[in-house]
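Quick notes on the structure that follows.
The values are calculated or read from the model by the stated rules, or taken from the named source; none is laboratory data. Computed from a predicted model, the values in this text were never measured in an experiment. Neighbour counts are summed over all protein chains in view; Cβ atoms, including those assigned to glycine, are modelled from backbone coordinates with ideal geometry.
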Amino acid sequence: MPFQEIINIVLPLMIVASAVIVVALKDLLAAAIALAVMSLLLSLEFYMLHAPDVAIAEAGVGACLTTAILIFAIKATRRMEDGR
Amino acid sequence: MSEPSKIVKTIASIIFPFTMVFGIYVILHGHLTPGGGFQGGAIVASGIVLLLVAFGSAEIAKRVKESHLSILESIGALSFISLALLGLSTTFFYNFLAGSNFIFGRIPPFGSNPGDMNTGGVLPLMNISVGLKVIAGLSAIVLVLSLFARSRKQRKR
């Protein structure tokens, strides 16, 4: 089996796995980082599907800016275990 | 949440110039390679956001004001529209610079070639103005959000 077909099978599975990890994680900061990983894998998949334009936009906006916005939103909250 | 560690700050200040150079490369080569104004602007804005996350919003807000970013965004939009209006002697968005031997005005050679930077007419200038607008807009969004989150946290204390 050629290398490209293996990548095209493995990458969507990894995307789905990281999306499930995002939902399963209890820690919000870890979930945000897992979402960034999912976005990065998605941009790699766009690149494999011959859409480098969309891949660059996805890597810039999805992996970096969205993560930063989520981190700032989490910074303004408090953990429930810490009490009030 | 505590202050980011020294490792985060050092790595962020090492990576920042490379991010800037790559983003400006994507903007300037928008008419030759994949990417363009929006993609390059998103990369440059992500570099600025990296500094914002690593060093804290108070440190960045001392140097970059939100009103300056707003002015930059307006300059980008106005230059895009005025470049489109300059070709109005023929049609709206007419490429009046192509083939004029002025800036970005060379005619590209026929057939497959490595790509000449000095071609494309009005398109590179439009890419630059769109890039300016995207840089200013996306950085302003995250900067204002971080300042708001910080002031809200201080009020709670």
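Would you point out the residue of segment B:126-149, among those that are among the hydroxyl-bearing types (Ser, Thr, Tyr) and surrounded by 24 or more Cβ atoms within 10 Å (Cβ to Cβ), that is modelled with the highest pLDDT?
The qualifying residue modelled with the highest pLDDT is B:Ser139.
In segment A:49-82, what residues are among the charged types (D, E, K, R) and more than 8 Å from chain B (Cβ to nearest Cβ)?
A:Glu58, A:Arg78, A:Arg79, A:Glu81, A:Asp82
Evaluate the following for B:Gly99: is it more than 23 Å from the chain's Cα centre (by Cα) and either touching a residue at least 12 places away in the same chain (Cβ under 8 Å) or part of a helix (DSSP H, G or I) (or both)?
yes
From the list A:Ala19, A:Ala24, A:Ala36, exactly one residue is out of contact with any Phe, Trp or Tyr (no Cβ under 8 Å at 6 or more places or on another chain), among the hydrophobic types (A, V, I, L, M, F, W, C), surrounded by fewer than 12 Cβ atoms within 10 Å (Cβ to Cβ) and at pLDDT 90 or above. Which is it?
Within the list A:Ala19, A:Ala24, A:Ala36, the selection yields A:Ala24.
Within the bounds of segment A:31-48, is there any residue that is among the small types (Gly, Ala, Ser), farther than 24 Å from B:Val49 by Cα and away from every other protein chain (no Cβ under 14 Å)?
Looking through segment A:31-48, none of the residues is among the small types (Gly, Ala, Ser), farther than 24 Å from B:Val49 by Cα and away from every other protein chain (no Cβ under 14 Å).
Residues that are in contact with a Ser or Thr (Cβ under 6 Å, 6 or more places away or on another chain), modelled with pLDDT of 85 or more and under 28 Å from B:Phe22 (Cβ atoms): does segment B:90-110 have at least one?
Looking through segment B:90-110, none of the residues is in contact with a Ser or Thr (Cβ under 6 Å, 6 or more places away or on another chain), modelled with pLDDT of 85 or more and under 28 Å from B:Phe22 (Cβ atoms).
For segment B:44-65, name all the residues that are more than 14 Å from A:Phe72 (Cβ to Cβ) and surrounded by fewer than 14 Cβ atoms within 10 Å (Cβ to Cβ).
If the condition is that a residue be more than 14 Å from A:Phe72 (Cβ to Cβ) and surrounded by fewer than 14 Cβ atoms within 10 Å (Cβ to Cβ), then B:Glu59, B:Lys62, B:Arg63, B:Lys65 are the ones that fit.
Given the residues B:Ile27, B:Ile15, which is the only one that is surrounded by 17 or more Cβ atoms within 10 Å (Cβ to Cβ) and within 14 Å of another protein chain (Cβ to nearest Cβ)?
B:Ile27
For B:Thr91, indicate whether it is assigned to a loop (DSSP other than H, G, I, E, B), hydroxyl-bearing (Ser, Thr, Tyr) and touching a residue at least 40 places away in the same chain (Cβ under 8 Å).
no
Name the residues in segment B:107-157 that are in a loop (DSSP other than H, G, I, E, B), closer than 22 Å to B:Ser79 by Cβ and without any contact (Cβ under 8 Å) to a residue 24 or more places away in the chain, would you?
Answer for segment B:107-157, where residues must be in a loop (DSSP other than H, G, I, E, B), closer than 22 Å to B:Ser79 by Cβ and without any contact (Cβ under 8 Å) to a residue 24 or more places away in the chain: just B:Asn118.
Does B:Leu86 satisfy being surrounded by 17 or more Cβ atoms within 10 Å (Cβ to Cβ), under 21 Å from B:Gly131 (Cβ atoms) and either in contact (Cβ under 8 Å) with a residue 40 or more places away in the chain or away from chain A (no Cβ under 13 Å) (or both)?
Taking the combined requirement at face value, the residue does not satisfy it.
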